[in-house]
Amino acid sequence: MKTGSLTTTEPETRAEEELGNPWQVVLFNDEVHSFDEVILQIQKATGYSLERASEITFRVHHNGKAVVYIGEKDDCEKVAGVLGQIKLIVQVERT
């Protein structure tokens, strides 16, 4: 809403800005990739330890999907891009 030369922001928009508009990368299970391939690609995309990448991979396997990364939209898109290099099924979404 404009008032003269000043611009005001709606309260919900301001709250989103303060939270940094959190986004997440969700990885979905598939029957194509081995556990080792997925673990290595998660490490490559995020820099996570072998243990953390393994935990996420097992969560994906057992639940059908899991959140791999939470952060700014640009960072999430980069992580999703690296995971997508080997055709893993991912989705970037707002938390």
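The values are calculated or read from the model by the stated rules, or taken from the named source; none is laboratory data. This one's a predicted model, so the numbers in the text were calculated from it and none came from an experiment. No Cβ is skipped: glycine too gets one built from the backbone with ideal geometry, and neighbour counts run over all protein chains shown.
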Among the numbered conditions (1) in contact with a strand residue (DSSP E or B) (Cβ under 6 Å, 6 or more places away or on another chain); (2) in contact (Cβ under 8 Å) with a residue 12 or more places away in the chain, tell me where R59 comes up short. (2)
Based on what the data block shows, is T8 over 19 Å from T95 (Cα atoms), loosely packed, with under 13 Cβ neighbours inside 10 Å and at pLDDT below 95? yes
Within the set of pairs 6+ apart or on separate chains, which have a first residue in region 64-84 that is among the charged types (D, E, K, R), a second that is assigned to a strand (DSSP E or B), and C-beta atoms under 6 Å apart? K65/V26; K65/F28; K73/W23; E77/V92
For Y48, state whether it is surrounded by 13 or more Cβ atoms within 10 Å (Cβ to Cβ), in a strand (DSSP E or B) and among the aromatic types (F, W, Y). no
Among the residues of region 11-22, is there at least one that is modelled with pLDDT of 95 or more, surrounded by 11 or more Cβ atoms within 10 Å (Cβ to Cβ) and polar (S, T, N, Q)? no
Can you confirm whether region 56-77 contains a residue that is modelled with pLDDT of 95 or more, assigned to a helix (DSSP H, G or I), among the small types (G, A, S) and surrounded by 12 or more Cβ atoms within 10 Å (Cβ to Cβ)? no
